């Protein structure tokens, strides 16, 4: 899941291009990240107000569900490169009718210590950048000290890692010399599906903050 601005939408693309390295996620972070930014959670927990009360979002689904046999024993979701590119192309098309400031991707695969500008996602990221729309991508959560995941390693994207509330690098966060920025991503309380709340950590949480 990744987000731009304005009203929610859903779009799925045919899986007709090469698959990105498997990204099996048991908890898809998009809905939670949306509530970190926006004030909807005020209606059920007034003490939490989000970090961008006036933000409006577009939500685009780029994941496909896969069985436990493909995801290490538990059912999960995988993002295909074709769907990620298609989602970004949709944001590019919507720039005409919507004031889009940034896109936000919390997904990735592989480990790269240098810019991975051969990644096919770079073409549409560059188009968005030319249009004044930043693409913010989390570095992912492998705990690497010298590598980022793709597509966050693309030079024209803005990649970010996670810090603690003491401004130290989170132990789970990927880092490298090509990392662009950091944001708080450890022990973040926000809403979860079915009107619940939970404290979670990850570069996805950090991506919610830096994108606003």
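Less than 13 Å from a label point 7 Å out along the Cα-to-Cβ axis of residue 52: which backbone N atoms in the range 181-212 qualify, by residue? 206-212, by backbone N distance to the label point. Per-peptide packing, taken as the mean over residues of other Cβ atoms within 10 Å, places 164-175, 131-142 in the sequence 131-142, 164-175 from highest down.
Normalising the average separation of contacting C-alpha pairs (under 8 angstrom, six or more residues apart) by the number of residues puts the relative contact order of the range 110-212 at 27 percent.
The length gained by stretching the chain between residue 165 and residue 123 to full extension, at 0.36 nm per residue less their Cα-Cα distance, is 11.6 nm. Gyration tensor analysis over the Cα atoms of the range 57-198 returns equivalent ellipsoid semi-axes of 23, 20, 18 Å (largest first, whole Å). In terms of the mean number of neighbouring beta-carbon atoms within 10 Å, the peptides 101-108, 153-160, 120-127, 63-70 order highest first as 101-108, 153-160, 120-127, 63-70.
Only the coordinates and a few stated rules stand behind these numbers; no lab work does. Because the structure is a prediction, the values reported are computed rather than measured. Cβ sites come from the backbone with ideal geometry, for glycine too, and all protein chains shown count toward neighbours.
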